[in-house]
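The structure appears right after this line, and notes come after that.
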């Protein structure tokens with residue numbers, strides 16, 4: 001059953017749509033009307049379901065819709081947000097991809113208590129591709145082999161922030177984790193990243209790849225990670241400022257920099273690591289391993305404070321290996 005209520009306020013319209021059953025949709029659903037706010041609200045994820053019969057179809061929310069609220073529902077299909085001012089996803093389940101364009105504007109995208117399962121569309125390499133000011137809290141994300149461009153991709157366009165708290169990300173041993181590019185401020189707190197996998201020699205950073213961003217990561221865990229390329233847990237490229245505190249790295253395999261691979265062409269890139277624990281990490285490859293734990297190259301100022309590791313294994317075909325590798329104009333301080 002679908003019930004809609006309309007509210008008129010001067011030249012703007014608010015629409016509330018209430019759902020308490022399964023509704024099958026047979027085509028793309030484009031919402032182009034001028035709306036101040038559109039709310040689609042269910043009475044529970046198990047009872048209120050919007051399902052596309054064709055897994056390639058999507059909801060398209062144009063920039064004419066200023067604010068969007070999706071609450072207490074399940075969506076089996078895809079979502080596209082186009083320069084909406086506010087987006088609130090509250091207690092919903094999604095099976096499909098989430099895509100967006102926020103080059104013009106966005107104030108906030110709030111994802112709270114979201115359960116996400118990877119894209120069902122074989123013609124889209126994205127699972128989640130978001131810009132805007134993002135807040136993710138108490139949510140769980142599961143990828144699959146169709147997420148070829150990682151489970152979550154964020155482009156902050158040097159003006160948007162992303163905050164992720166108390167959330168869980170799993171690649172299900174089928175895809176890599178996150179890529180964060182041009183984040184004005186990136187704040188990750190109390191999160192778990194696990195079962196992420198990378199078999200692509202051209203894809204650096206299996207857990208999280210961070211580019212051109214200011215980033216803070218605290219009280220988070222990286223575990224059960226396997227990648228054939230460099231940067232097991234973290235790959236950092238031209239980061240403006242980076243701080244990590246209280247990270248647990250467990251069972252991470254990579255060809256170099258299982259904890260972190262850091263490179264920069266900036267005048268100076270500053271990274272600080274405190275209270276890091278690394279266990280049960282393996283190293284693979286046929287060439288010299290340049291940095292078991294940590295690889296630093298380019299122009300970097302790196303501080304490593306209170307780092308501990310145990311049960312580290314060399315599974316490579318090389319006897320030329322070292323724990324830390326530094327080259328270029330980089331400096332490392334160990335305390």
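The values are calculated or read from the model by the stated rules, or taken from the named source; none is laboratory data. For clarity, every value in this text was computed on a predicted model and none was experimentally measured. So basically every Cβ, Gly included, is an ideal-geometry build from the backbone, and we count neighbours across all protein chains shown.
Can you pull out every residue in segment 82-101 that is closer than 14 Å to residue 115 by Cα and in a loop (DSSP other than H, G, I, E, B)?
91, 92, 96, 97
Out of curiosity, is residue 85 surrounded by fewer than 24 Cβ atoms within 10 Å (Cβ to Cβ) and free of Cβ contacts under 8 Å to residues at least 40 places away in the same chain?
Yes.
Return the residues of segment 206-237 that are assigned to a loop (DSSP other than H, G, I, E, B), at pLDDT below 95 and more than 18 Å from residue 191 (Cα to Cα); say none if nothing qualifies.
Across segment 206-237, the qualifying residues are 228, 229, 230, 231.
Taking the condition of being surrounded by fewer than 17 Cβ atoms within 10 Å (Cβ to Cβ), on the phi < 0 side of the Ramachandran plot and at pLDDT 90 or above, how many residues in segment 300-328 meet it?
Residues flagged as surrounded by fewer than 17 Cβ atoms within 10 Å (Cβ to Cβ), on the phi < 0 side of the Ramachandran plot and at pLDDT 90 or above within segment 300-328 amount to 4.
Please find, among 51, 36, 63, the residue that is part of a loop (DSSP other than H, G, I, E, B) and surrounded by fewer than 19 Cβ atoms within 10 Å (Cβ to Cβ).
63
Starting from segment 172-184, keep only residues that are in contact (Cβ under 8 Å) with a residue 60 or more places away in the chain, then list their pairs with residues that are surrounded by 24 or more Cβ atoms within 10 Å (Cβ to Cβ) whose Cβ atoms are within a distance under 8 Å, requiring at least 6 positions of separation or different chains.
Cβ pairs passing all conditions: none.
Would you mind telling me which numbered condition in (1) at pLDDT below 90; (2) over 23 Å from residue 173 (Cα atoms); (3) surrounded by 16 or more Cβ atoms within 10 Å (Cβ to Cβ) residue 288 fails?
Single failed check for residue 288: (3).
Among the residues in segment 224-235, are any surrounded by fewer than 19 Cβ atoms within 10 Å (Cβ to Cβ) and under 15 Å from the mean Cα position of the chain (by Cα)?
Taking every residue of segment 224-235 in turn, none turns out to be surrounded by fewer than 19 Cβ atoms within 10 Å (Cβ to Cβ) and under 15 Å from the mean Cα position of the chain (by Cα).
I'd like to know if segment 125-143 contains one or more residues that are under 22 Å from residue 218 (Cβ atoms), under 13 Å from the mean Cα position of the chain (by Cα), at pLDDT 95 or above and part of a loop (DSSP other than H, G, I, E, B).
Yes: segment 125-143 contains one or more residues that are under 22 Å from residue 218 (Cβ atoms), under 13 Å from the mean Cα position of the chain (by Cα), at pLDDT 95 or above and part of a loop (DSSP other than H, G, I, E, B).
Residue 169 - would you say it is at pLDDT 95 or above, part of a strand (DSSP E or B) and farther than 24 Å from residue 82 by Cβ?
yes
Can you tell me which residue among 295, 246 is modelled with pLDDT of 85 or more, surrounded by fewer than 24 Cβ atoms within 10 Å (Cβ to Cβ), over 17 Å from the mean Cα position of the chain (by Cα) and assigned to a strand (DSSP E or B)?
246
Name the single residue, out of those in segment 1-33 being within 14 Å of residue 68 (Cβ to Cβ) and assigned to a loop (DSSP other than H, G, I, E, B), that is modelled with the highest pLDDT.
32
State all residues of segment 249-268 that are assigned to a loop (DSSP other than H, G, I, E, B) and either at pLDDT 80 or above or closer than 19 Å to residue 308 by Cα (or both); if no residue qualifies, say none.
Hits for segment 249-268 are 256, 257, 258, 259.
Going through segment 189-198 one residue at a time, which ones are crowded, with 24+ Cβ neighbours inside 10 Å, free of Cβ contacts under 8 Å to residues at least 40 places away in the same chain and under 12 Å from the mean Cα position of the chain (by Cα)?
The answer is none; no residue qualifies.
Report yes if some residue within segment 70-81 is outside any strand (DSSP E or B), closer than 30 Å to residue 13 by Cα and either touching a residue at least 60 places away in the same chain (Cβ under 8 Å) or within 16 Å of the chain's Cα centre (by Cα) (or both); otherwise report no.
Scanning segment 70-81, I find no residue that is outside any strand (DSSP E or B), closer than 30 Å to residue 13 by Cα and either touching a residue at least 60 places away in the same chain (Cβ under 8 Å) or within 16 Å of the chain's Cα centre (by Cα) (or both), so the answer is no.
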